[in-house]
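Below is one structure, written out as C-alpha cells; the observations come after it.
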Amino acid sequence: MKKNFCAKVAYFSGPFIVVILCLALASALSPVLAAGKLDTAKIEQLTGMKGEMNEKESVFKVTAPRSDVKITVAGVKMTPPMGLASYAAFMNAGGRTMVMGDTTLLEDQVNPVMSVALDNDLEVTALHNHFFWDSPKVMFMHIGGMGDEEKLASAVGKVFAKIKETSGGKGQIPTADLDPAKTSLDPKNIESVMGAKGELASGVYKITIGRTTKMGGHEVGNAMGINTWAAFVGSDQQAVVDGDFVMLEKELQPVLKALRGAGINVVAIHNHIETESPRIVFLHYWGVGSTTDLAKGLKTALDTQKK
C-alpha cells in the first residue's frame, strides 16, 4: 500500500516531497499495523507455554497437555490428544486482544484455579464435564477476556501455574460429616441474613427465589424452574449449602466473584433451556461453613443482581 502510494507521488511530484509524504504515511500507519500483530514471543513468555500461529485466522494458541494425570474413561486410557489439554487462543480484535480458552481440571483444582482466573480479570464462561465414566473425574472450565495483550497473557500464565501447583491432589475438597436427619440449624438466622423465607422439611431448610424469562413469547418463572435456590443442612456452626443460581448473562461474572469470595465452591455453569429471552445462565454450587457465613455469601451474590 505504502509502496504504490509513494510511486504515484514520485510520478507527479519530486523525490523530496516523496520522502516527506512517505515518512508521514509510515508514521500514521505504524500504530495501525502494530495493533494488528500479536507479540507471540511475549505471550509465550508470560503464559510459560509454547504456541502455534494459525496464519489463516491470525490466532496464536498456547497449549498445556495434562500429561501429569492418568485418566481412564470406561476403562480406556486417555492421552492429551484425546481432549486432556488446557489451551488459550489469542487474536487481535479491533486494536485490543481477545483470549478464549479451556482448562482441564480435576475436581479439587476447579475452584482454586477459578479464583485465580477471576482475580486476574479473566471471565469464567462455562464449567462442565466432557466425559462419562472417567476416573478420576475431570472437569473443563472455559475462560475468556478482552483487553491488553500483556495483562491477558499474564493472567493466563497464572491460571496455568495454578493448575501445576494444585496437581497431584493439592487442590481443595470441602468436606463435612453431616446427616440431614440430625439437622439443628435455626432457620431464622438464615432468613435474617438472606432476607427471604424458606421451608424446613426432612432436615433440609430450603429457600427458593424465582425469576422470569420468556420462551416462545410466553413468560416462564419459578414454577417452571427459573429460580435460585439454597438448601441448608447441619447446625448453625457447621452446615452445608448446595443449590442453583439463575442469572442473566451479564450477571454471571459478579455472582461468580461473590461466591468464590465467600469460599463457596462452584460446581457447574451451563444452560438449562434454549431460545429463551432474555438469555439465562445456571450455576450450581456447594459450600461448607457456618450458616451465617454461607448465608452472607449467598446474599452478596444475590445483591450483585440488583446492580
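Computed from the coordinates by the stated procedures, all read-outs in this text should not be read as laboratory data. In this text the structure is predicted, and so the values were computed from the model without any measurement. Because the Cβ atoms are built from the backbone with ideal geometry, glycine has one as well, and the counts that use them run over all protein chains shown.
Based only on other Cβ atoms within 10 Å, what is the fewest-to-most ordering of GLU251, GLU107?
Values: GLU251 19, GLU107 15.
Sorted ascending by nearby Cβ count, the order is GLU107, GLU251.
Within a Cβ distance under 9 Å of ALA230, other residues only, what is the Lys/Arg minus Asp/Glu net charge?
-1
By counting other Cβ atoms within 10 Å of each Cβ, how are TRP286, TRP133 ranked from fewest to most?
Values: TRP286 15, TRP133 10.
If I rank by nearby Cβ atoms, fewest first, I get TRP133, TRP286.
Report, in deg cm²/dmol and to the nearest 500, the calculated mean residue ellipticity at 222 nm for the chain, where each DSSP H run with n ≥ 4 adds -39500 (n - 2.57) and the sum is divided by the residue count. Display every interim value, and only then the final one.
Details: 8 runs with 100 residues, N = 307.
The helix-only estimate for the chain comes to -10000 deg cm²/dmol at 222 nm.
How many percent of the alpha carbon pairs in the chain exceed a separation of 25 Å? List each step's numbers first, then the result.
Working: 28509 of 46971 pairs.
The share of Cα pairs beyond 25 Å in the chain comes to 61 percent.
About the Cα centre, and with charges only on the beta carbon of Lys, Arg (+1) and Asp, Glu (-1), how big is the dipole of the chain? Nearest 20 debye, please. Each step should come with its number before you reach the end.
Numbers: 32 positive and 32 negative charges, 188 e Å.
For this selection, approximately 900 debye.
By counting other Cβ atoms within 10 Å of each Cβ, how are THR275, THR104, THR40 ranked from fewest to most? Before the final figure, lay out the partial values.
On the way: THR275 8, THR104 22, THR40 16.
Sorted ascending by nearby Cβ count, the order is THR275, THR40, THR104.
In the stretch 77-145, what trypsin sites (Lys or Arg not before Pro) fall in a loop by DSSP, with at most 15 other Cβ atoms inside 10 Å?
Numbers: sites: LYS77, ARG96, LYS137; in loops: LYS137.
In loop regions of the stretch 77-145 (DSSP not H, G, I, E or B), the sparsely surrounded trypsin sites (Lys or Arg not before Pro) are LYS137.
Apply the a/c threshold of 1.5 to the C-alpha gyration tensor of the stretch 164-277 and tell me whether it is rounded, prolate or oblate.
The shape class here is oblate.
Please report the net charge: other residues with Cβ closer than 12 Å to the Cβ of ILE264, K and R +1, D and E -1. If you can, show how the numbers build up before the last one.
Details: positive: LYS257, ARG260, LYS296, LYS299; negative: ASP242, ASP293.
Here the charged neighbours net out to +2.
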